[in-house]
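A quick write-up on the structure given underneath.
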Amino acid sequence: TPDLELVDVGKVYDNGTMAVDAFNLTVTKGEFIAFLGPSGCGKTTTLRMIAGFEDISSGDMMIKGVRMNDVPPQRRPTSMIFQSYALFPHMTVRGNIGYGLEVKGLTKPERDAKVDRILATLGLEDIANRNTDKLSGGQRQRIALARGLVVEPDILLLDEPLGALDANLRKAIQNELKLLQKTLGVTFVFVTHAQSEALALSDRIVVMNQGRVEQISPPHQLYTRP
Ligand code: ADP
Ligand code: ADP
């Protein structure tokens with residue numbers, strides 16, 4: 001069974017905007033997929049439909065063979081990482097990462113074990129008890145990643161994850177994402193308008209234009225218009 005399947009998925013917003021039209025994609029477990037295309041082509045809308053933050057207007061979305069169209073976000077095996085990180089500034093790093101587990105009703109010892117493991121994976125042990133408001137962009141991005149990963153999602157969804165970082169940090173986080181893919185076996189789907197980012201990170205690139213999929217190819221087979 002594929003990890004993720006989109007079959008003729010479409011999205012028409014209430015105001016009549018056709019944002020996504022007949023999107024088809026089948027993703028294998030552990031794949032790293034990029035949605036690439038210019039602003040307004042429907043990348044974020046598609047990501048939000050996979051996460052469940054946006055209703056699907058037509059077609060079907062399956063995760064591990066289970067139809068997800070009507071499943072609310074918190075009951076999907078997905079985590080979404082936002083470009084703005086959306087961390088709680090008044091809480092510690094540990095508190096931010098453990099929050100999702102608390103919502104799920106895990107006990108404190110259960111939460112601590114999982115949070116400790118992910119803190120180590122992302123090299124955040126030294127700042128575990130600091131508040132997030134004074135941390136650097138790279139640290140905040142790692143915390144956002146840790147928060148998404150700690151709930152052990154099948155699919156991690158990232159909206160322009162590297163957009164707010166400078167070139168050095170971007171390289172470092174890129175390497176970490178690839179390492180996480182290998183060590184955790186998580187499926188990654190991320191949105192970008194930067195071709196270089198899609199080429200550096202993904203196993204396959206979904207090129208979108210005006211709500212439609214133009215091509216799906218591995219980086220070395222990507223064609224670009226003259
Ligand atoms: P991005 O290019 O990163 O998707 P946008 O600036 O296009 O960011 O959109 C920012 C927010 O505004 C998103 O939540 C998006 O859903 C919403 N949005 C974008 N276009 C429209 C629109 N035409 N009508 C209402 N909301 C919109
Ligand atoms: P991208 O992520 O590729 O920048 P989006 O998925 O944000 O593209 O937007 C796709 C299209 O849908 C755009 O025309 C955008 O203006 C429109 N759109 C996005 N969000 C909304 C919304 N909430 N309501 C109406 N139109 C929207």
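Bear in mind that the values in this text are calculations on the coordinates, not laboratory data. Since this is a predicted model, take the numbers as computed values, not measurements. Heads up, the Cβs are rebuilt from the backbone with ideal geometry, glycines too, and the neighbour counts pull from every protein chain shown.
In the chain, the DSSP beta bridges split such that about 50 percent are antiparallel, to the nearest 5.
For the stretch 124-141, the Karplus equation 6.51 cos²θ - 1.76 cosθ + 1.60, evaluated at θ = phi - 60°, returns couplings of 10, 4, 5, 10, 4, 9, 8, 6, 7, 5, 9, 8, 6, x, x, 5, 5, 5 Hz by residue, with Gly and Pro reported as x.
At 222 nm, what value in deg cm²/dmol follows for the chain if DSSP H runs of at least 4 each add -39500 (n - 2.57) and the sum is divided by all its residues, to the nearest 500? It would help to have the intermediate numbers written out before the result.
Numbers: 6 runs with 72 residues, N = 226.
Result for the chain, helices only: -10000 deg cm²/dmol.
Reported value for the stretch 143-225: 113 Å³ per residue, from the convex hull of its C-alpha atoms.
With N the number of residues in the stretch 163-209, Rg(Cα) / (2.2 N^0.38 Å) evaluates to 1.17. Bridge orientation summary for the stretch 114-226: considering DSSP beta bridges with both residues in this region, about 50 percent are antiparallel. Our coupling estimate for the stretch 212-219, obtained by passing each phi through the Karplus curve with A = 6.51, B = -1.76, C = 1.60 and θ = phi - 60°, is 10, 7, 8, 7, 10, 8, x, x Hz, Gly and Pro reported as x. Calculated on the Cα set of the stretch 72-194, radius of gyration then Dmax: 13.6, 41 Å. With the biggest extent put first, the Cα atoms of the chain measure 48, 39, 35 Å across the principal axes.
If you stretched the chain out fully between Asn69 and Ala167, how much longer would it get, using 0.36 nm times the residue separation minus the C-alpha to C-alpha distance?
Numbers: separation 98, 0.36 × 98 = 35.28 nm, distance 3.77 nm.
Value of the extension gain: 31.5 nm.
Close amide H pairs (under 5 Å, H built 1.01 Å from N) link Leu222 with no residue at least 5 positions away or on another chain. Note that the stretch 106-153 shows a convex hull volume over its alpha carbon atoms of 79 Å³ per residue.
Just want the ordering: Thr192, Thr1, from fewest to most Cβ atoms lying within 10 Å of their own Cβ.
On the way: Thr192 24, Thr1 10.
With the fewest neighbours first, Thr192, Thr1 line up as Thr1, Thr192.
Would the stretch 1-133 count as rounded, prolate or oblate if I go by the C-alpha gyration tensor, calling it rounded below 1.5 in a/c and otherwise prolate when a/b exceeds b/c, oblate otherwise? Don't skip to the end; give the middle numbers.
Values: a/c = 2.27, a/b = 1.87, b/c = 1.21.
It comes out prolate by the Cα gyration axes.
Normalised size of the stretch 13-64, defined as Cα radius of gyration per 2.2 N^0.38 Å with N residues, equals 1.18.
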